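Here the structure is laid out as structure tokens; the discussion comes afterwards.
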Amino acid sequence: MSEPIIKFEKVVKSYGNYRVLNDLDFEVARGEKVTIIGPSGSGKSTVLRILMTLEKINGGVVSVGNEPLWHEKGPNGLIPAREAHLRKMRKQLGMVFQQFNLFPHMTVLRNLTEAPMSVLGLSKQDARERAEELLQLVGLSDQAQKFPNQLSGGQQQRVGIARALAMRPKVMLFDEPTSALDPELVGEVLNVIAKLAEEHDLTMLLVTHEMRFAREVSDRVCFFDQGNIKEQGTPDELFTNPREERTRAFLKAVLEG
Amino acid sequence: MPWFDYLKPLADGAWITVQLTVFSTILGALLSFIFGIGKLSDNWAIRAISIAYIEVFRGTSLLVQLFWLYFALPIAGDAIGLDLRLPPVVAGVAALGLNIGAYGAEVVRGAIQAVTPSQYEAATALNFTSRQTLWKISLPQAIPEMMPSFGNLAVQNLKDTALASLISLGDLAFRAEQLRNYTQDSTTIYTIVLLMYFGMALVLTAMMRVLEASVGRWRGARS
Ligand SMILES: Nc1ncnc2c1ncn2[C@@H]1O[C@H](COP(=O)(O)OP(=O)(O)O)[C@@H](O)[C@H]1O
Ligand SMILES: [Mg+2]
């Protein structure tokens, strides 16, 4: 395996006395597509939210691109990361949220151009061209002037994906991107994600309950339970031949549910 | 005196009332944003100043604030060798604006805080600075939420201008009182005054509605 782009070392995350992540060790290689599955409350979102700097960690080290995410170099070793460091690190990451989290007061186009212009400093012209390419990729070229609340959930989530991609991240984080959608709209979003998965360079970390899809697109599947990885392997290994009793029970419940 | 003879002096007063309302509402809106945003600042000094302003002006009566600016400030100024005498219009606009701004600041703070956390998370994920997040994400969503309360405050402010007659500002209430002293025709005069205030309030409310619709167009958008 080539050098990991994401590395969790003995990471602890707790809320009060409750340990959400328990000495988690976890690595993702550059370009790897990893799916995280597991019961609700097992810490799947927390892993992504820590990477997107939405949650701090309480112990251990998280590295992105070989550099600590939540720490920076001080005069005497590592100190907690300050905003400037976090801003530098965030450039490498993009996130797609379960509830889309589009900006409701901006048109679709504006949702895609605002951050590239004000954060990356792109000209209006360049940001627009980038947005139009991405809208084409997600099949929404004709919706550029609409507001999010004029779109279906599936369309909104495709805008959410395009908006994250507009920042050209190296790592894309998907937190249950289809869980808020009506069943008939799930396919169109998964198709877009599958298309992205063909991109050799893009690292993808996906939390989902769509097992068939996970099997198709991922290089590796991790089963999370109680704040740690209980079992992981290639989709074939994990889905056809799970070793752990917990994994078997979970898969049985999901596939029958 | 026939009733229509009252109209000219009352209309003159009403014009002063309109000016007082407009200028103090604009001042109040500015103060609302400055101190409402200030109360949410990361900087404790800015936060402390904002809280102090809001609490002082909400916790004391407008009348006292008005008298303080008009009567007490010049004397306080005298003591330190400064001429702080304010023309009645300035004292009136300042007192009304400062007062309404303190209430408005709480409206602004509340509306900003009511923007859902998931919007801030999206802003963080896209690497906006906190200043960009305020100006581009949270304020544009918060402003339409503030408008109904701002409308109420503006009408409240219009009604409060009547207090300015107590520092001899020739507003509508002052003119009415003058006429009444002169003619003793309370019923007619105050009926006209009532209607005039009510008419102004209607116009103000309509204007705030238009403003509300224009800042919140995206909310109604549906195909
Ligand atoms: N802000 C919070 N305060 C307290 N507990 C939280 C908070 N956020 C998450 N948790 C808890 O952490 C656990 C893991 O959450 P999460 O990572 O969202 O799980 P998953 O995505 O696997 O369903 C859950 O039990 C949840 O209740
Ligand atoms: Mg979750």
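The values are calculated or read from the model by the stated rules, or taken from the named source; none is laboratory data. What you are looking at is a predicted structure, and each value in this text was computed from that prediction instead of being measured. Please note: Cβ atoms are built from the backbone with ideal geometry, for glycine as well, and neighbour counts cover all protein chains shown. In case anyone asks, the SASA skips ligands and DNA or RNA and just uses the protein heavy atoms, side chains included. Shrake-Rupley method; radii C 1.70, N 1.55, O 1.52, S 1.80 Å.
Estimated from helices alone, the mean residue ellipticity of chain A at 222 nm is -11000 deg cm²/dmol (sum of -39500 (n - 2.57) over DSSP H runs with n ≥ 4, per residue).
Checking the cross-link pairs A:Lys44/B:Lys136; A:Lys33/A:Lys252; A:Lys7/A:Lys73; A:Lys73/B:Lys39 against a 22 Å limit on the alpha carbon distance flags A:Lys44/B:Lys136; A:Lys33/A:Lys252; A:Lys73/B:Lys39 as lying beyond it.
Buried accessible surface for the A/B pair, both sides summed and rounded to the nearest 100, is 2200 Å² with a 1.4 Å probe.
Between the range B:13-29 and the range A:108-171, what is the C-alpha centre distance in whole Å? Here the answer is 44 Å between Cα centres. Each helix, a run of at least 4 DSSP H residues, gives -39500 (n - 2.57); summed and divided by the residues of chain B, these come to -24500 deg cm²/dmol at 222 nm. Computed over protein heavy atoms with a 1.4 angstrom probe, the accessible surface ordering of A:Glu231, A:Glu129, largest first, is A:Glu129, A:Glu231. If the chain linking A:Val254 and A:Glu237 were pulled fully straight, counting 0.36 nm for each residue of separation and taking away their Cα-Cα distance, it would gain 4.4 nm.
Given Cα pairs under 8 Å that are at least 6 residues apart, what percent is the relative contact order of chain B? Normalised by residue count, the contact order of chain B is 29 percent.
Counting only protein heavy atoms and a 1.4 Å probe, the range A:34-90 has 42 square angstrom of accessible area per residue. I'd like the residues of the range A:81-102 whose 1.4 Å-probe accessible area shrinks by no less than 20 Å² going from the isolated chain to the full set of protein chains. With the partner chains in place, the range A:81-102 has these residues losing at least 20 Å²: A:Arg87, A:Arg90, A:Phe97, A:Asn101.
Taking a span of 18 Å or more along the helix axis (Cα atoms) and a mean Kyte-Doolittle hydropathy of at least 1.6 as the rule, no DSSP H helix of chain B qualifies. Taking Cα centroids, how far is the range B:40-72 from the range B:146-223 in Å? Each part's Cα centre sits 24 Å from the other's.
Would you grab the residues whose amide H sits under 5 Å from the one on A:Ala29? Only those 5+ places off in sequence or on another chain, please, with H modelled 1.01 Å from N. So A:Ala29 has HN proximity to A:Ile5.
For the range B:126-174, a reduction of at least 40 Å² in accessible area between the chain on its own and the assembled protein chains (probe 1.4 Å) is found at B:Leu126, B:Asn127, B:Phe128, B:Lys136. Accessible area ranking (1.4 Å probe, heavy atoms, ligands and nucleic acids excluded), largest first, for B:Tyr190, B:Tyr53: B:Tyr190, B:Tyr53.
Of the accessible area of the range A:1-77, computed with a 1.4 Å probe over protein heavy atoms only, carbon and sulfur atoms account for 44 percent. If you take all other residues with their beta carbon under 14 Å from the beta carbon of B:Ala105, and give Lys and Arg +1 and Asp and Glu -1, the sum is +2.
Relative contact order for the range A:183-257: 19 percent, from Cα pairs under 8 Å spaced at least 6 residues apart, divided by residue count. Each listed q (0.07, 0.10, 0.11, 0.12 Å⁻¹) maps to a log10 I(q)/I(0) for the protein assembly as shown from the Debye sum over equal C-alpha point scatterers, namely -0.54, -0.85, -0.94, -1.05.
If you sort the three axes of the alpha carbon gyration tensor as a ≥ b ≥ c, you get a/c of 1.5 or more for the range B:3-222 and a/b no higher than b/c, which makes it oblate.
Which residue, B:Tyr197, B:Leu40, B:Ser138, has the largest displacement toward the positive end of the dipole of the range B:3-222 when charges sit on each Cβ (Lys, Arg +1; Asp, Glu -1)? Farthest towards the positive pole: B:Ser138.
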